[in-house]
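In what follows, a single structure is set out as structure tokens and then discussed.
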Amino acid sequence: CLQLEQAFHEAWADPAYRDELNSLLRDYGGRPTPLTECHRLSEKLGVRVLLKREDLAHTGSHKLNNVVGQALLTRRMGKRRLIAETGAGQHGVAAATAAALFGLECTVYMGEVDTKRQELNVFRMELLGAEVRPVLSGSQTLKDAVNEAMRDWVATVDDTHYCLGSVMGPHPFPYMVRQLQRVVGEEAAAQAHALLNGHQPDVVVACVGGGSNAAGTFAGFVDTGARLVGVEAAGGAAITNGIPGILHGMHSKLLQDEAGQIEEAESISAGLDYPGLGPEHAHLAAIGRAEYTTAADDEVLDAFTLLSQTEGIIPALESAHAVAWVARVAGTEALPSGSTVLITLSGRGDKDVAQVRELLGGRARA
């Protein structure tokens, strides 16, 4: 971690690194992503809804912002192999994509449960040349994939870089990933400023698992007057139900029992079933700068359908958590009618369509 910290600080201060990163994000990744005004959804909810469209970035989510930066760093450190963990598969796909672009070997750890509900992304990673290693320990989900990736990294650090996918884990990962994702918030703030005639949104909302898309989004608005709202899965609400503890080399709020044993998170979304969140989010909550709430599986399914049918935009289940909160509180004291709300749509829902079809079919049969 000390080697990585030094390498990233040197890279981040190097104009050549920053220029190459920005060029790749523009010419390969498709940045800047647009800010879309949702006219029909806004009319239905009684609040003005803007979407920061990370679903339109290459590979279908915000994950490429972080991964391209870390792949450049891998090459800069003279390492030949990239490893990653993934839950919903979006980070794994992005890692496999960057590895193919830079000619790096790539291994992705993914919980066995997640490989089954995200079969399409498993195939995409393999098509891109990555080896996907199913993890059979523990709950066989994201937490356990992180465990295995860390074990691999410790044993192979001389020629391997661990491309951690969120603002979690040991320093410098939370800082490094936030810096690489802040492009989302900085773009969104500038776009909103132009669209709203010099004003900013009243509320900025993003889903939170480990929290990288939210951290990147909030970085663009933390010094403004906008309210910042992170939406966790109800079954994995570390801010709401967690207590301070240590996991994966970080001190943050975690789901744990009285003995400090980590409890399992549960979510309809493979990308949000992590029993904690990044330490910066815990800090923002502690100082009152950001607020964190939850969305339950049923209302997430409703939000998934709502956005699809009002705007023709199919969101990732992760992103649908943010939409669900807005739909639930629009027109209430929490989000008064006429407010302007910016939602980061962290990813597109192609990967989730088969799962949602099964879930909606099961709900109809029930």
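The 3J(HN,Hα) values that the Karplus relation (6.51, -1.76, 1.60; θ = phi - 60°) gives for the stretch 164-180 are, in residue order, 5, x, 9, 7, 9, x, x, 4, x, 4, x, 5, 4, 5, 4, 4, 6 Hz. Gly and Pro appear as x. Run the accessible area of the chain with a 1.4 Å probe and give the carbon-and-sulfur part as a rounded percent. Reported share for carbon and sulfur atoms: 51 percent. Taking all C-alpha pairs of the stretch 138-286, those more than 21 Å from each other amount to 46 percent.
In a DSSP loop and with at most 10 other Cβ atoms within 10 Å, the GluC sites (Glu not before Pro) in the stretch 312-366 are E333. For the stretch 225-300, the alpha carbon convex hull comes to 90 Å³ per residue, rounded to a whole number. Classification of the stretch 272-332 by its C-alpha gyration tensor yields a prolate form. The axis ratio a/c (a ≥ b ≥ c) is 1.5 or more, and a/b outweighs b/c.
Between Q70, Q355, Q200, the residue with the greatest mean-square fluctuation in the GNM of the chain (Cα pairs under 10 Å linked by springs) is Q355. Just how many % of Cα pairs in the stretch 1-121 lie over 20 Å apart, if you round to the nearest whole percent? Tail of the P(r) past 20 Å holds 54 percent of the pairs. Within the chain, DSSP assigns beta bridges of which about 25% are antiparallel (rounded to the nearest 5).
Taken one residue at a time, the phi angles of the stretch 32-49 give Karplus couplings (6.51, -1.76, 1.60, θ = phi - 60°) of x, 7, x, 9, 9, 8, 9, 5, 6, 5, 4, 5, 5, 8, x, 10, 7, 10 Hz. Gly and Pro are set to x.
Summing +1 for each Lys or Arg and -1 for each Asp or Glu among the other residues whose beta-carbon sits under 14 angstrom from that of M125 gives -2. Amide hydrogen proximity for Y109: with H placed 1.01 Å from N in the peptide plane, the residues at 5 or more positions away or on another chain lying under 5 Å are A84, E85, T86, R133.
3J(HN,Hα) along the stretch 148-153, derived from phi through the Karplus expression 6.51 cos²θ - 1.76 cosθ + 1.60 where θ = phi - 60°, amounts to 5, 5, 5, 4, 4, 4 Hz, with x in place of Gly and Pro. A237 sits among other residues whose Cβ lies under 11 Å from its own Cβ, and their net charge, with Lys and Arg +1 and Asp and Glu -1, is -1. Between the amide H of I343 and those of L50, L51, K52, V205, distances stay under 5 Å, these residues lying 5 or more places away or on another chain, with hydrogens modeled in the peptide plane. Using a probe of 1.4 angstrom and keeping all protein chains present, the accessible surface of the stretch 189-329 works out to 35 square angstrom per residue. Counting only lysines at least 8 places from K52 when in the same chain, those with an alpha carbon closer than 30 Å to its own are K44, K63, K116, K143, K253, K351. Looking at (i) -0.35, -0.58, -0.87, -1.03; (ii) -0.26, -0.44, -0.68, -0.82; (iii) -0.39, -0.62, -0.87, -0.98, which value of log10 I(q)/I(0) by the Debye sum over Cα atoms at q = 0.07, 0.09, 0.11, 0.12 Å⁻¹ comes from a calculation on the structure shown? From the options (i) -0.35, -0.58, -0.87, -1.03; (ii) -0.26, -0.44, -0.68, -0.82; (iii) -0.39, -0.62, -0.87, -0.98, the structure gives (ii).
The values are calculated or read from the model by the stated rules, or taken from the named source; none is laboratory data. Just so we're clear, the structure is a prediction, and the values are computed from it rather than from any experiment. Neighbour counts run over all protein chains shown; Cβ positions are idealised from the backbone, glycine included. Protein only, heavy atoms only, side chains kept; ligands, DNA and RNA dropped before computing areas. Shrake-Rupley method; radii C 1.70, N 1.55, O 1.52, S 1.80 Å.
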